[in-house]
1. In 5 Å bins starting at 0, how do the alpha-carbon pair distances of the range 256-334 split up by percent?
2. Taking one equal scatterer on every alpha-carbon of the range 203-292, how large is log10 of I(q)/I(0) by Debye at q = 0.17, 0.18 1/Å?
3. Between Gln161 and Arg203, what length in nm is gained on full extension when 0.36 nm per residue of separation is reduced by their alpha carbon distance?
4. Find the centroid of the Cα atoms in the range 130-194 and in the range 300-371, then give the distance between the two in whole Å.
5. In nm, to one decimal, how far is the modelled label at Arg61 from the one at Ser175, with both set 7 Å along Cα→Cβ?
6. What whole-number volume per residue, in cubic angstrom, does the convex hull of the C-alpha atoms of the range 60-193 give?
7. Within the chain, how many Lys pairs sit with Cα atoms under 17 Å apart, leaving out pairs fewer than 8 places apart on the same chain?
8. How large is the convex hull of the Cα atoms of the chain per residue, expressed in Å³ as a whole number?
Amino acid sequence: MSDHMPDDLSAAGRDLRAYTDQLRSKYAAVKNIQGEWVLLRHAEVVAAAQDHKRFSSNVSRYLQIPNGLDGEEHTQYRRIIEQYLTAEALTPFVPVFKHIAQDLMAHLPRGKAIDAVQEIGALFAVRAQCAWLGWPAELEEPLLQWMTDNHAATRSGEQEQLSKVAQTFDAIIQSVVAPRRAAPEQAPNDVTTKLCRDQINGRLLTEEELVSILRNWTGGDLGSIALCIGVLVAHLAQNPDSGDYLRNASDSDVEAYINEVLRLDNPFISNRRITTCPVRIGEHQLPAGTKVKLNWTSANRDESVFNNNAFQPQEHAADNLVYGTGKHVCPGELLSTWQLRIALQALLKNSTTITLAPTLPLEREVAPVGGYHKVPIILG
Ligand code: HEM
């Protein structure tokens with residue numbers, strides 16, 4: 001194959017997963033039209049994600065805490081973030097998430113088509129995340145609008161549009177950070193306030209650092225949760241027996257089931273790295289400074305690791321890359337896993353049937369995101 005793939009690996013007009021399945025059988029890595037090397041197989045993706053010295057995460061000109069940091073600097077910020085995402089810190093929010101899920105699912109219309117990505121996924125993600133962070137319900141609308149605008153800008157790839165939505169988002173975050181900073185003694189005792197009081201190297205986090213952390217917790221993750229819910233509901237609608245199994249399964253079995261569905265159809269496609277020295281990937285020698293993409297979606301469908309992609313939740317759990325691996329592994333895994341399980345259980349409890357709407361097609365997303373753009377279903 002030539003050194004340069006005449007393709008951007010975009011899903012426009014085709015199923016991205018089918019395309020990377022096809023490429024992966026022949027190549028460990030391909031170069032896209034942006035000149036980035038996309039790693040497609042499990043072994044190479046895991047090796048690069050765990051080799052923090054040769055594959056740096058410092059890929060963006062913007063401050064990205066902690067995902068754009070390396071080494072000790074990354075460890076310091078990561079420590080701050082992790083304290084909010086442990087089982088102990090998250091357990092008090094379980095009844096809150098359950099209440100949000102029950103309220104949402106009980107009020108969904110029955111017998112007419114609804115879109116599971118927007119009307120279930122995005123709504124649940126925004127409400128649950130606002131409750132966790134202590135953000136007011138009035139932010140629900142602006143955040144949903146921001147998700148739609150951000151999605152359109154990401155699809156268009158237009159720099160101007162992207163920076164406009166980034167500014168809108170920063171303004172939303174400023175609106176919660178500024179009052180907590182201005183009057184700390186009157187601030188509510190929530191996750192956002194605690195973060196505003198956190199220190200690094202004996203000083204408070206700067207506003208820029210706070211905005212970056214909160215952008216990371218909300219920006220990408222609201223979209224990821226919504227897309228994951230879309231994938232899960234599409235699976236339920238296409239596999240009616242799975243509903244009967246999940247209604248009676250333990251929490252941990254439901255979580256393993258969810259992770260296996262997401263492994264096969266991972267909507268969080270890739271993360272970037274940059275090589276710090278020459279590295280060899282398959283037959284290719286990449287010089288220092290090469291931009292690399294770890295394609296989790298493709299690696300998660302590597303037939304040689306996942307028994308030809310048989311559906312085996314327990315057997316595949318250890319190799320599943322939905323939440324990444326290495327030092328940058330998703331610190332929000334537990335929060336997401338609980339939120340997704342709680343949403344799914346509430347949906348199943350509140351509906352007797354979940355079927356695909358007969359006249360409206362399932363619509364796939366386009367790169368750089370995966371999963372579905374629309375999952376039209378009818379609830380009974
Ligand atoms: C289903 C939803 C989610 C998926 C699929 C997901 C997936 C991932 C993946 C694959 C990474 C690794 C990035 C890399 O190696 O460069 C990551 C990192 C990260 N995720 Fe998530 N994530 C989700 C939800 C969340 C949530 C809810 C939060 C926080 C509230 C969160 C916070 C983060 C942060 C801060 C990082 C960067 C960690 C670091 O660089 O050390 N994620 N996520």
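1. 3, 14, 22, 21, 17, 12, 8, 3, 0
2. -0.88, -0.90
3. 11.6 nm
4. First find each Cα centre; the distance between them is then 26 Å.
5. For the pair Arg61/Ser175, the computed spacing is 2.9 nm.
6. 154 Å³
7. 8
8. About 141 Å³ per residue, rounded to a whole number.
All of the numbers you see were taken from the coordinates with simple rules; none came from a lab. Since this is a predicted model, take the numbers as computed values, not measurements. Cβ coordinates were reconstructed from backbone atoms using ideal geometry, including for glycine residues, and neighbour counts include every protein chain displayed.
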